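All remarks here apply to the structure that follows.
The values are calculated or read from the model by the stated rules, or taken from the named source; none is laboratory data. Predicted, not measured: the structure shown is a model, and the values here were computed from it. All Cβ positions, glycine included, derive from the backbone under ideal geometry; neighbour counts span all protein chains shown. Only protein heavy atoms, including side chains, enter the accessible area calculation; ligands, DNA and RNA are left aside. Shrake-Rupley method; radii C 1.70, N 1.55, O 1.52, S 1.80 Å.
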Amino acid sequence: MASKTVEDVLFPGIDVRVERVIDSSGGLVVEAISTGRPGRCPDCRKQAQRVHSSYQRTLDERPLGSRRVVVRLRVRRYFCDRRSCSRRTFAEQVVGLTERHRRSSVGLTGWLRSIAVELGGRPAARLCHRLRLAAGRTRLLRLLKAPTVPDRAPRVLGVDEFAFRKGCTYGTVLVDVEAGRVVDVLPDRTSETFAAWLAEHPGAEIICRDRATAYTKAVKESAPDALEVADRWHLPQNLSAAVEKTCHQHRNACANTPKRRWRRRGPTCRSRHRCCYRPPSCPAPRSSNGPVTATRTSTGCWGRAGRSAPSPAG
């Protein structure tokens, strides 16, 4: 097995050289120097020829086991020699490690963005704390970016409303049903906004929606050839809402329905025998010689005459 250097372990495929690694009480501090080719101006894209100066950047890197890793990276600042360019100097960016105006590595930023997408603000911040990642909820939310909206609508387009603030402000979410991803988010749920989006993004063949009339009007105006279908979730949801509404309208009739009640025949039986209870509509037991009289036994139950209860022992 070929031996690996520290650079291959900490920064695989990245043009940096590790000067030293410091083991401190708070974690690992890695001091490195950029060794890549001269960068390009971010405005005119001309490759730099002269070095202006160098300075040190501090980056948070993904933890190594349970140890926090901090990278102290020395990068160069270059001159832009193109006279027509308004920028005179610029700092280099190490591909795969640094980004402009970012104090975390590219790898750590990807981790935090994935956590923020799945959990949101405060739950994501609690998970980052458990994973020893220094990130608060505001930083995590700033990493979220709006998805790129395609020029054409997907073949199967899902449409539904959601609440920015329940009872006050609502929006519309558009989903690619086949791919299972969000396509776009509209600021309201009006038919005009949805119709304008369909006109700018043609190509929807099937539109899966709820039973709202606003979306139906927009589809008829901007995508008359599209097939409208109702999604499976809204069908039982609408049915349950209709049943609940009907039961609420007839709640007085349901409340006046007579209920069958049981009447106690005698004192409470500790053994809870069936002889202690009898429905009011049940006639008294009879025999061939006439009505059967009931007598109380030693156990406290009422039994038929002629049948004595077992006497207690002794």
Given a Förster distance of 30 Å, the FRET efficiency implied by the Cβ-Cβ spacing of Arg87 and Leu144, rounded to the nearest 0.05, works out to 0.55
A correct Karplus calculation of ³J(HN,Hα) over the range 116-131, with 6.51 cos²θ - 1.76 cosθ + 1.60, θ = phi - 60°, whole Hz and x for Gly and Pro, returns 5, 5, 7, 10, x, x, 5, x, 5, 5, 5, 5, 4, 5, 5, 8
Here FRET efficiency (C-beta to C-beta, Ala196 to Gln49, R₀ 45 Å, nearest 0.05) is 0.35
Rounded to 0.05, the calculated FRET efficiency for the beta carbons of Glu31 and Phe79 at R₀ = 30 Å is 0.70
Quick numbers on the range 22-104, Rg and Dmax over C-alpha atoms in Å, give 15.2, 50
Diffusion coefficient in µm²/s returned for the range 84-168 by Stokes-Einstein, Kirkwood Rh over C-alpha pairs, 10 °C and 1.306 mPa s, is 97 µm²/s
Note: Val182 to Thr246 extended length (0.36 nm per residue) minus current alpha-carbon separation gives 19.4 nm
For the range 1-157 the mean separation of alpha carbon contacts under 8 Å (6+ apart) over residue count, i.e. relative contact order in percent, is 16 percent
Taking N as the number of residues in the range 116-248, the ratio of its alpha carbon radius of gyration to 2.2 N^0.38 Å works out to 1.28
From the Cα centre of the range 189-256 to that of the range 71-114, the distance in Å is 49 Å
Percent relative contact order for the range 168-210, counting Cα pairs under 8 Å at least six residues apart, stands at 28 percent
For the range 2-70, Rg(Cα) over 2.2 N^0.38 Å is 1.37
On the accessible surface of the range 71-177, probed at 1.4 Å with all protein chains in place, carbon and sulfur together account for a percent value of 50 percent
The simple spin-label model distance between Ser114 and Trp233, using points 7 Å out along Cα→Cβ, in nm, is 2.5 nm
Expected sort for 30-38, 241-249 on mean C-beta neighbours within 10 Å, highest first, is 30-38, 241-249
dims of the range 137-204, Cα set, principal axes, largest to smallest, nearest Å -> 38, 27, 19
For the range 175-191, Karplus-derived ³J(HN,Hα) couplings (6.51, -1.76, 1.60; θ = phi - 60°; whole Hz; x for glycine and proline) come out as 10, 7, 5, 6, 8, x, 9, 6, 9, 7, 10, 9, x, 9, 10, 7, 5
